[in-house]
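The structure under discussion appears below in the form of structure tokens.
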Amino acid sequence: MRDDFIVRVGARIVTPFIVTFALYVHFHGDFGPGGGFQAGVILAAAFALLALVYGLEAVQRVLPPWFVRGCAALGVLIFAGVGVVTMLLGHSYLGYNALAHDPKHGQHYGILLVELGVLVTVFGVMTTIFYLFAGRAGRGE
Amino acid sequence: MITVVGIVLFTLLGATALALVRVRNLFAVVMLAGVYSLLSAGLFTVMDAVDVAFTEAAVGAGISTVLFLGALALVGHREAQPSHRPILPLAVVAVTGATLVYGTMDLPGFGDPANPVHHHVADHYLEESSREIGIPNVVTSVLASYRGYDTMGETTVVFAAAVGVMLLLAGRRRKPAPEPDEAPAAAADR
Amino acid sequence: MTSGALLGFTLLAPLAGAAAIALLRARPNARETASLVASGTLFVIVLQVYLAVSGGNRPELALAEPIPGISITLEAEPLGVLFALVASFLWIVTTMYSIGYMRGHRESNQTRFYLFFAFAIASAMGVAFAGNLFTLFVFYELLSLTTFPLVTHAGTAKARRAGRVYLGILLTTSIGLLLLAIAWTYAITGTLDFREGGILEGRAAGAVVPVLLGLYVFGIGKAAVMPLHRWLPAAMVAPTPVSALLHAVAVVKAGVFAVLKVTVYVFGIDFLAEAGASAWLTWVAAATIILGSLVALTKDNLKARLAYSTVSQLSYVVLGAMLASSLGVGGGGMHIVTHAFGKITLFFCAGAIYVVAHKTEVSQMRGLGRTMPVTMTAFLIGALSVVGVPPLAGSISKWYLLGATLDAGQIGLAAVLVVSTLLNVAYLLPIPILAFFSKAEGETADRGPQGGTAISEAPVWCLIALSIAALGCIALFFWADRVYQLLQPIAAAAGG
Amino acid sequence: MSAHLPVLQVLVPLLAAPVCALLRSARAAAALAVLASWTTLAVALALLGEVKSAGVVSYAIGGWVPPIGIEYRVDMVNAWVLVIVGTIASVVSPYMVVSVSSEVERRRIPLFYAAYLLCLTGLLGIAVTGDVFNVFVFLEISSLSAYALIAMGTRRRALTAAFRYLVMGSVGATFIVIGIGLLYVMTGSLNMADLAVLLPEVWDSRTVKVAYGFLGVGFCLKLALFPLHLWLPNAYAYAPSAVTAFMASTATKVAVYMLLRFFLTIFGAPFSFGTMALDRLLLPLALVAIVSMSMVAVLQVDVKRLLAYSSVAQIGYVVLGLSLASVTGLTATLLHLFNHALMKGALFMAMGCVVYRIGSVHIDAMAGLGRRMPWTMAAFVVGGLSLVGVPLTVGFVSKWYLILGAIERGWWPVAVVVLLASLLALVYVWRVVETAYMRPYEGDGRAVEAPPGLLLPTWVLAAASIYFGVFAKSTVATAEQAARVLMSGVGS
């Protein structure tokens, strides 16, 4: 596929849109359907597309395996960490109200942060798994 | 209109499921699985569960198809012929299905506003969400705040999956240990 | 020292002995000294308990309460004291004997032997002073487990098979029947304590009583009531001091002791007699007495013959208990003592013969009386005691038991005892007669320079031990009063 | 911080898991895993103390009052289960440090600890929560990580064993989530306490009964009740030693807890024992499990498999206690959860010591080990005697209550079966003991005593299975209180 001109150009054009869409899905989750989970998946799909077209190595130069692995773990830490912070601020675990003076703002920040955690983990996990499969396939043949 | 769409989608869904079971070419199986997810996403949309539909489309039809294909590259395209007819599994599936159908006969009618699901905690979510949380999408406020802890658990599930795959696949080439039957003999040889 | 603490020391003394044995494993002399010191100490302690109990006290010591309402408690009462006295005294004698035997026979794993012997004695003390059914059960099981390495001491395939039979039967009966009986008793009465007059009276009636009693009698596999006696002959592969432990010091005695104890303190003699629940078991015991003797007659192997003799003799005690009268229980209690001394003498002699002359079969023992005069004289005394010839100890207990059967109007059972005595004569007495009055076959021919009539006695430790045991048979005849006095309170409580 | 105890119970391993995954040093990951496990136990004990003094502890996550948000709710029953899981985790984790270093590739070890911590998180999460959907979420966490952990066994068959577990486990989880879904449809609530109030109104509907059935099948798959136990023997036999010890002592126990919680608290004992005849359904299965699986265990030559089958039989005891439908029976069930965890943990850990030295647990390979590895085999003997139910071991205590429960109901044959099965246990335990002690050692010199890092944890459990057999007062009291909580609906 790497030699196919149309695919290469197509992928190059489409990818920014996919990434943008992922971000839209993430940040628009408060208003319409979507959120961190879907955004993470879409983001991972964007990089999977690139890897299919340009080869795994090319993508891994930009997003090294250790980085996506780190993302997988980091997202969980972000999510759980928000809870720890609210706990330290004297509220109950994941009580976002603690995050700002106005409970509504607190909720808003909290939701954004935890959704970010979800996004990071889902993106990291999906990409890691993709790397592992794709990487092994390359070596096996 | 909605009913017709629903019936069509369900018929297609059933046909896809049957094909999935019958087809032996794994490549086709993966594609059909993608189709299945897409159809389900359609059904969810018809049932006004847009968030679920979105997720199903992104995960079921999107990334998992890619991952399945990645796995296929490792194991080949043809499914091994099963050694015996799966009578017992079929019976189990039939009984399970029948039980589910039996169970749904007492189910409250679909979309009935008097249903308990629409009243107990749902009332609170719908009425208080904007006051307590202040964002318009109630689904998000439930997922991220009211039941945010579940979402954290699900994030952990996803992470656990990655840990599992990494443990299994991360560059492993280990020497297989002797099977139990050989073990004592091997010990005696040495 | 309070008398309760004394009971604790009956467990501690052998355990401390075990610890010393383990520590001194590299120095056999020190190790055996530790064994002797521990056994001597234990006997002194038990004597103190005896003094306390004969003074009318009932020392008690609660150790733990594993399950709410069910405790591990030690309590001294006459029957237990009697059993403990016998076991602790015979431990001394057996240790002496072991020193001679184990060294003379160059046995391996001697440390393990002394170690588990001490454990077994500790368990026996626990059985003797058990204050309730649960405690009895616990120590009864411990006794099975701690004697297992002793039974399989040789480690051969035969020993392993014997060990399997041994543990198999003892644990099967105790877990399958005895534990069930105990749980049932608890469910009925809400207590497991031993009480004078029993705990079941007024709480159980009808068919429950004989069934429950049957569960107990057969569940206590160590009493070797037929058909659950197989473990005892199987265990004959063990070294002779172990046989002594099994047959005289602790194991089978723990069994019949437990039967007596259950009869007296769980059912209560009067309750049993009223309910008539034990009648069917007197006949089981009677059958065991006769069959055991008959099988013994057919055995040429000396230890096997003695083993079946034990099976038969144990049922004397069971019979005594099942007669459910104070005379029967007293006679049974006495028989535990007298049979212990008689049988240990016989086993000591059998072992001595094996160590010195390597003979195991009765038919090989012609002329042994001349090479081993002391041993064979002791054997004669032991045999006569078991038969029940005065002035030897065995005659007293048999007399009481016979009296008990007659008292109960059971002529049939009395006849069984008489017949059994005749059978005893038939299988025991030919051995000393052969040894003293017939010439060894091909005398001196293959025995080399030390053969012939030259005296070739057992190791001196063995001789001391078997002489003490034989003298005990005689002495007990004259001290029988003391023993019976000790048991008097039970008889009194039973209104007998 | 004590107000946050319930959530800390889960949070500590949950935070430690991703950190472990990020670490590169095996040693640091090991230290973290051990530390997290010990903290877990400390929290569990503190919780138990609080429940004992203050009654039910409730924690509203996110500050949302239940049933709006997710509630953590700890009473005697789950406090007890948390202590079991915490105890086993804190004993097994240091053992894991030594045993895993010989069984798992070095650079994989941090991930291994991450998986272990996730599994622990999942189990604790199931036990602590008061929300049915939350149960499912944490069930998935524990299951996924368990599959991976089992696949880490050194033999190739570990992979197929893990896969089989994955298939059957997923079926179980699906059944459970269907059941939960149906409950939600019928009541509109996911909170356990709330459900318990709402459900009686719809008891009669088919949907609730079907939900009950689906949940039951799902739980029985997870707790490996005969005949749904097929995944268990291989999974336990081929998993790494420490994983086997951990899983055998915790995973099925937590599954039993789920069953008790759903059927006795949420649906309520009257519904379970009355309408659904749960006791009469489970009784035959439990009895068949006890007898047949003990017999199968007798035939095994791989000792880990033998112990695995024994586990299935022991689960039979646990379920039998439930099917006695009385406080005594449930006391036996809850006691046996703890007691069996202790003894099976000790047994599997002793076998881990053997694997560590000679690489096999084939019964013939164990000949003469009684002398070569005296402490290891002594621990096995202790655990084995406990399995048989010899007095002064924990095994006796739970069996005693089981027998009493059976006699109370007048079910004599049941009491007899329990005792008979003890004898079967004696047979299979004794086969190993006899091989180890009575047969001469035939291997090369590799069989020497296991390192203290393995031996010490093994003996902690072995000693505990004696200690709690001699001083069972506190455990019995706790279990009985918990049993009363579960049976509260029936008024006894």
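The values are calculated or read from the model by the stated rules, or taken from the named source; none is laboratory data. Remember, it's a predicted structure, so these values are computed and weren't measured experimentally. All Cβ positions, glycine included, derive from the backbone under ideal geometry; neighbour counts span all protein chains shown.
Just give me the residues in region C:346-375 being touching a Phe, Trp or Tyr at 6+ places or on another chain (Cβ under 7 Å) and assigned to a helix (DSSP H, G or I), in sequence order.
Result: C:Leu346, C:Phe348, C:Cys349, C:Gly351, C:Val355, C:Gly369.
From the list D:Pro18, D:Pro13, which residue is within 15 Å of D:Ser90 (Cα to Cα), out of contact with any Pro (no Cβ under 6 Å at 6 or more places or on another chain) and crowded, with 23+ Cβ neighbours inside 10 Å?
D:Pro13
Limited to region D:124-168, what total is found for residues that are more than 24 Å from D:Val74 (Cβ to Cβ), among the β-branched types (Val, Ile, Thr) and in contact with a helix residue (DSSP H, G or I) (Cβ under 7 Å, 6 or more places away or on another chain)?
Within region D:124-168, residues that are more than 24 Å from D:Val74 (Cβ to Cβ), among the β-branched types (Val, Ile, Thr) and in contact with a helix residue (DSSP H, G or I) (Cβ under 7 Å, 6 or more places away or on another chain) number 2.
Identify, please: which residue in region D:144-171 is of a type in the set (Ser, Thr, Tyr) and within 11 Å of chain B (Cβ to nearest Cβ) and is, among those, surrounded by the fewest Cβ atoms within 10 Å (Cβ to Cβ)?
Across region D:144-171, the extreme among qualifying residues is D:Thr154.
Please go through region C:141-154 and pick out each residue that is within 8 Å of another protein chain (Cβ to nearest Cβ) and in contact (Cβ under 8 Å) with a residue 40 or more places away in the chain.
Correct list: C:Thr152 only.
Residues are listed down the side, and each one gets a yes or a no for (1) buried (at least 16 other Cβ atoms within 10 Å of the Cβ); (2) among the basic types (Lys, Arg); (3) touching a His at 6+ places or on another chain (Cβ under 6 Å); (4) modelled with pLDDT of 90 or more:
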{"position": "B:Ala15", "(1), (2), (3), (4)": "no, no, no, yes"}
{"position": "B:Val35", "(1), (2), (3), (4)": "yes, no, no, yes"}
{"position": "B:Thr55", "(1), (2), (3), (4)": "yes, no, no, no"}
{"position": "B:Ile63", "(1), (2), (3), (4)": "yes, no, no, no"}
{"position": "B:Ala80", "(1), (2), (3), (4)": "no, no, no, no"}
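Only one of (1) within 14 Å of chain D (Cβ to nearest Cβ); (2) on the phi < 0 side of the Ramachandran plot; (3) crowded, with 23+ Cβ neighbours inside 10 Å is not met by A:Phe67, so which one is it?
(3)
So C:Ala181 clears everything in (1) touching a residue at least 40 places away in the same chain (Cβ under 8 Å); (2) within 25 Å of D:Trp411 (Cα to Cα) except one condition, right? Which one?
(1)
Are there any helices (runs of 4 or more DSSP H) wholly within region B:42-119 with 3 or more residues that are more than 9 Å from every other protein chain (Cβ to nearest Cβ) and among the β-branched types (Val, Ile, Thr), and if so which?
Per the criteria, B:87-104.
Scan region B:124-150 residue by residue and report those that are facing chain D (nearest Cβ under 9 Å), assigned to a helix (DSSP H, G or I) and not aromatic (Phe, Trp, Tyr).
B:His124, B:Glu128, B:Glu132, B:Ser145, B:Gly148, B:Asp150
Search region D:124-143 for residues that are within 7 Å of chain B (Cβ to nearest Cβ) and within 19 Å of D:Pro66 (Cβ to Cβ) and pair each with any residue that is of a type outside the set (Asp, Glu) and outside any helix (DSSP H, G or I) when their beta-carbon atoms are under 6 Å apart and the residues are at least 6 apart or on different chains.
That search, which allows pairs on different chains as well, returns D:Phe133/D:Leu190; D:Asn134/D:Ile70.
Could you tell me whether region C:256-272 includes any residue that is farther than 23 Å from C:Gly131 by Cα and part of a helix (DSSP H, G or I)?
No, every residue in region C:256-272 fails to be farther than 23 Å from C:Gly131 by Cα and part of a helix (DSSP H, G or I).
Of all residues in region C:305-340, how many are part of a helix (DSSP H, G or I), among the aliphatic types (A, V, I, L, M), farther than 21 Å from C:Leu476 by Cα and more than 16 Å from the chain's Cα centre (by Cα)?
Result for region C:305-340: 1.
Give the residues of region D:436-480 that are of a type in the set (Lys, Arg) and either buried (at least 19 other Cβ atoms within 10 Å of the Cβ) or over 27 Å from D:Val97 (Cα atoms) (or both), sorted by residue number.
D:Arg439, D:Lys473, listed by residue number.
Please verify whether region D:186-204 includes one or more residues that are among the hydroxyl-bearing types (Ser, Thr, Tyr) and either within 25 Å of D:Ala286 (Cβ to Cβ) or touching a strand residue (DSSP E or B) at 6+ places or on another chain (Cβ under 6 Å) (or both).
The answer is no, given that none of the residues of region D:186-204 is among the hydroxyl-bearing types (Ser, Thr, Tyr) and either within 25 Å of D:Ala286 (Cβ to Cβ) or touching a strand residue (DSSP E or B) at 6+ places or on another chain (Cβ under 6 Å) (or both).
Any residue in region C:94-116 that is out of contact with any Phe, Trp or Tyr (no Cβ under 6 Å at 6 or more places or on another chain) and within 30 Å of C:Trp184 (Cβ to Cβ)?
The answer is no, given that none of the residues of region C:94-116 is out of contact with any Phe, Trp or Tyr (no Cβ under 6 Å at 6 or more places or on another chain) and within 30 Å of C:Trp184 (Cβ to Cβ).
Answer with yes or no whether C:Ile72 is closer than 30 Å to D:Tyr467 by Cβ, touching a residue at least 24 places away in the same chain (Cβ under 8 Å) and outside any helix (DSSP H, G or I).
It is true that C:Ile72 is closer than 30 Å to D:Tyr467 by Cβ, touching a residue at least 24 places away in the same chain (Cβ under 8 Å) and outside any helix (DSSP H, G or I).
Out of C:Gly126, C:Gly131, which single residue is in contact with a Ser or Thr (Cβ under 9 Å, 6 or more places away or on another chain), closer than 23 Å to C:His339 by Cα and at pLDDT 85 or above?
C:Gly126
Within region D:356-424, considering only helices (runs of 4 or more DSSP H) that don't extend past its boundaries, which have at least 1 residues that are within 23 Å of the chain's Cα centre (by Cα), more than 14 Å from chain B (Cβ to nearest Cβ) and of a type in the set (Gly, Ala, Ser)?
D:374-388, D:394-408
If the requirement is being buried (at least 24 other Cβ atoms within 10 Å of the Cβ) and free of Cβ contacts under 8 Å to residues at least 60 places away in the same chain, which of these qualifies: D:Phe267, D:Phe219?
Exactly one residue qualifies, and that residue is D:Phe219.
Do we have D:Asp194 as under 27 Å from D:Arg484 (Cβ atoms), among the charged types (D, E, K, R) and surrounded by fewer than 24 Cβ atoms within 10 Å (Cβ to Cβ) here?
Yes, satisfied.
What number of residues in region C:145-180 are in contact with a Gly (Cβ under 9 Å, 6 or more places away or on another chain) and within 16 Å of C:Ala224 (Cα to Cα)?
Within region C:145-180, residues that are in contact with a Gly (Cβ under 9 Å, 6 or more places away or on another chain) and within 16 Å of C:Ala224 (Cα to Cα) number 10.
Any residue that is at the interface with chain B (Cβ under 9 Å from one of its Cβ atoms) and either under 17 Å from B:Tyr149 (Cα atoms) or not in a helix (DSSP H, G or I) (or both) - is there at least one of those in region A:125-135?
No; the residues of region A:125-135 include none that is at the interface with chain B (Cβ under 9 Å from one of its Cβ atoms) and either under 17 Å from B:Tyr149 (Cα atoms) or not in a helix (DSSP H, G or I) (or both).
From the list A:Asp4, A:Asp30, pick out the single residue that is farther than 27 Å from B:Val163 by Cα and buried (at least 18 other Cβ atoms within 10 Å of the Cβ).
A:Asp30
What number of residues within region B:96-112 are farther than 19 Å from D:Glu201 by Cβ and more than 21 Å from the chain's Cα centre (by Cα)?
Looking only at that region, the number is 3.
Please identify the pairs in which a residue from region C:313-342 that is on the phi > 0 side of the Ramachandran plot has its Cβ atom under 9 Å from the Cβ atom of a residue that is buried (at least 24 other Cβ atoms within 10 Å of the Cβ) and among the polar types (S, T, N, Q), counting only partners at least 6 apart or on another chain.
C:Ala324/C:Thr263; C:Ala324/C:Ser278; C:Ala324/C:Thr282
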